[in-house]
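Structure first, commentary second.
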Amino acid sequence: INPTAVDGLLKISLAILFILVVDSLAALGGSLAVETIAQRLERDSREELYISLLGKSQTFHDRQRVGDIMARATGDMQQMNFMINPGMLFIAETILGLSIPILMIATIKIDLILVPIIFVGVYIVTVRAYSRRLNPVVNNQRMAFGVMNAGLEETISGIEVVKATAQENFERQKFHRNAREFRNYFAQQGRIEAGYLPMLFYAFALGVGFLHCMVFYQNGQMTVPEIIGVMGLLGALRFPIFVSIFSFSLVQLGIASAKRILHIINAEAELDENAAGYDQQMVGEIVFEDVTFGYEDGTVLKNINLKVKAGETIAIVGQTGSGKSTLTDLINRTYDVTSGRILIDNIDVREWNLTALRSQISRIEQDVFLFSRSVAENIAFGAPDTPMEKIEQAAREAQAHNFISSFAKGYDTEVGERGVMLSGGQRQRLALARAFLSNPRILILDDSTSAIDSATEDEIQKAIRRAQQGRTTLLITHRLSQIRWADHILLLEGGEIIAGGSHEELLKTSPQYRRIFARYDVALPPVASEVPSVS
């Protein structure tokens, strides 16, 4: 064996090994970089979507289906991840996989790049046509995914009603229809991908390229090794062409998903948080000046003029649908007025810093929402650093301490999603404790003791009376035990204030008010005694 040849082969082998090692490290680094970009895109986009949702108005959220929002925050976000890796990675490989072999063919014989160049032109045209056909299908596919998830979320959230009305079969069929529509779009996507023409044109290009080589070979312009080299390079075009089927599909799905996410992010917030707005301690005076408000389907409140002095207690009564809850929703800007204005301490609520405004207003509703967290965390929601002693004190004032202490884990007991582990009265007492802890300047009670028995309510009434001291309080209630100690009573009908005064005055002057309390005698018992609820 020739030592010089052995030495040459050793050098070539080491050079090849070095190139392969560098190539492997470069591939590893590239894969890591692309995966990092994909994961950060998903994380940052999800965070941006979440922040955007928190900043949207209640009107916006009223129009959305929770399941569809969840589908965008999960499935669509994942599709954006896949768009980068492996989607964009495959497209980069396709570009390099087409350009490098063609350049290498040019080094062998420049005339031979004619066929590959024509093929690349045809490839670009067919891919554009392929994308145009695929785009509406993947858009509809993502929409169908959102509809399917929205229906699933509604069924699971309302499972108690579904079972109580024996509608399991109906809901099953509805989900089956939604899932079938989602599947059909997948099948349609598959049919479009099956008709991916570049692979067919590649076969023609391979054959024509070989014939081109044969022409040059017969003319003595190419050797057999050169033909083998050119055909090997033409063969290298197959993988990037094949993988582009998947890469373009992933990119189209990612773009469709990104559009769905951006549709939510860019949607009109309809609510200005006014970060630079008025930010002071409230006194609690509330003034309504010619306030009118309506949803998209009609007017709810008309020409409301009202003044509530700081520290005053106002009871709001009226038939169902008269606009009682909506009127109080306007105070903390859950909704913004259609016309007119609402002033708190002579400052338009729209000129207040939204955080400062809402942090000083506490609202307790009949349908209390609790988070799937511990009892203590629910009471201290909004003030997570509150000491345990203050949490317990608030619970005692709301008459919740005794039933909380009866739990095995006490204040560390998990209440389940939406507080399903608790009764209605227990949930309302936790909401009262949360309000007491937040020490609001304006307290809104929307039929907040409706699920509490008479004995417990008597104790809670005392706690509410203590909480009212120095605070402006709005009561939406039909309980005489609460109405009687209000400073003023307002009667709403059809979105308008039609009467106001004390309980006795309204009984004498307002037929509508008398109809609401028709079951009671005009001669009423003392305020301290308990009277059953009308609701």
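Of the trypsin sites (Lys or Arg not before Pro) in segment 10-66, the ones in a loop by DSSP (not H, G, I, E or B) with at most 15 other beta carbons within 10 Å are R63, R65. When the surface is traced with a 1.4 Å probe over the full set of protein chains, V22 keeps roughly 70 Å² accessible. Taking a ≥ b ≥ c as the square roots of the eigenvalues of the Cα gyration tensor, segment 244-400 is classed as oblate, since a/c reaches at least 1.5 and a/b does not exceed b/c. Surface calculation, 1.4 Å probe, protein heavy atoms: D68 sits at approximately 20 Å² accessible. Here the chain is assigned +1 on the Cβ of each Lys and Arg and -1 on the Cβ of each Asp and Glu. Its dipole about the Cα centre then comes out at about 1160 debye. Computed from the Cβ-Cβ distance with R0 of 25 Å, the FRET efficiency linking Q280 to T386 stands at 0.65. Farthest toward the positive end of the dipole of the chain, out of G8, S510, A356, is the Cα of G8, where the dipole comes from beta carbon charges about the Cα centre. Each Cα pair of segment 1-129 feeds into the Kirkwood radius, which the Stokes-Einstein equation turns, at 10 °C and 1.306 mPa s, into a diffusion coefficient of 80 µm²/s.
Return the FRET efficiency for the residue pair Y217, I118: r is the Cβ-Cβ distance, R0 is 25 Å, and the value is rounded to the nearest 0.05. The formula returns an efficiency of 0.75 here.
Ignoring lysines fewer than eight residues from K56 along the same chain, the ones with Cα atoms less than 26 angstrom from its Cα are K259, K302, K324. If the cut-off is a Cα-Cα distance under 27 Å, which lysines reach K409, setting aside same-chain residues fewer than 8 apart in sequence? In chain and number order, the partners are K390. Label-to-label distance, E168 versus S31, with points set 7 angstrom from Cα along the beta-carbon direction: 4.7 nm. Working from Cα pairs under 8 Å separated by at least six residues, relative contact order for the chain is 15 percent. Taking a span of 15 Å or more along the helix axis (Cα atoms) and a mean Kyte-Doolittle hydropathy of at least 1.0 as the rule, the DSSP H helices of the chain that qualify are 89-108, 198-218, 224-235, 238-265. Report the residues of segment 68-92 in range of a label on H263: point 7 Å along Cα→C-beta, backbone N strictly under 17 Å from it. Answer for segment 68-92: 68-80. Treating r as the C-beta distance of E351 and T413 and R0 as 41 Å, the FRET efficiency rounds to 0.45. Peptides 165-172, 252-259, 414-421, 147-154 ranked from most to least packed give 252-259, 147-154, 414-421, 165-172, packing being the mean of other C-beta atoms within 10 angstrom over each peptide's residues. If you filter segment 260-337 for trypsin sites (Lys or Arg not before Pro), then keep DSSP loop positions with at most 15 other Cβ within 10 Å, what is left? Those satisfying the criteria are K309. In terms of accessible area, using a 1.4 Å probe and ignoring ligands and nucleic acids, D111, D336 rank largest first as D111, D336. Going by accessible surface with a 1.4 Å probe and the largest first, H488, H212, H503 read H488, H212, H503. Quick one: plug the Kirkwood hydrodynamic radius of the chain (C-alpha pairs) into Stokes-Einstein at 25 °C, 0.890 mPa s, and report D in µm²/s. Stokes-Einstein gives a translational diffusion coefficient of 83 µm²/s.
Distance between the 7 Å Cα→Cβ label points at V125 and T338: 5.8 nm. Taking all protein chains together, H176, H478 sort by accessible area into H176, H478, largest first [probe 1.4 Å].
The values are calculated or read from the model by the stated rules, or taken from the named source; none is laboratory data. A quick note: this is a predicted structure, and the numbers were derived from the prediction, not measured. With ideal geometry, Cβ positions are generated from the backbone for all residues, glycine too; neighbour counts draw on all protein chains shown. These area figures cover heavy atoms from the full protein model, side chains too; ligands, DNA and RNA do not enter into them. Shrake-Rupley method; radii C 1.70, N 1.55, O 1.52, S 1.80 Å.
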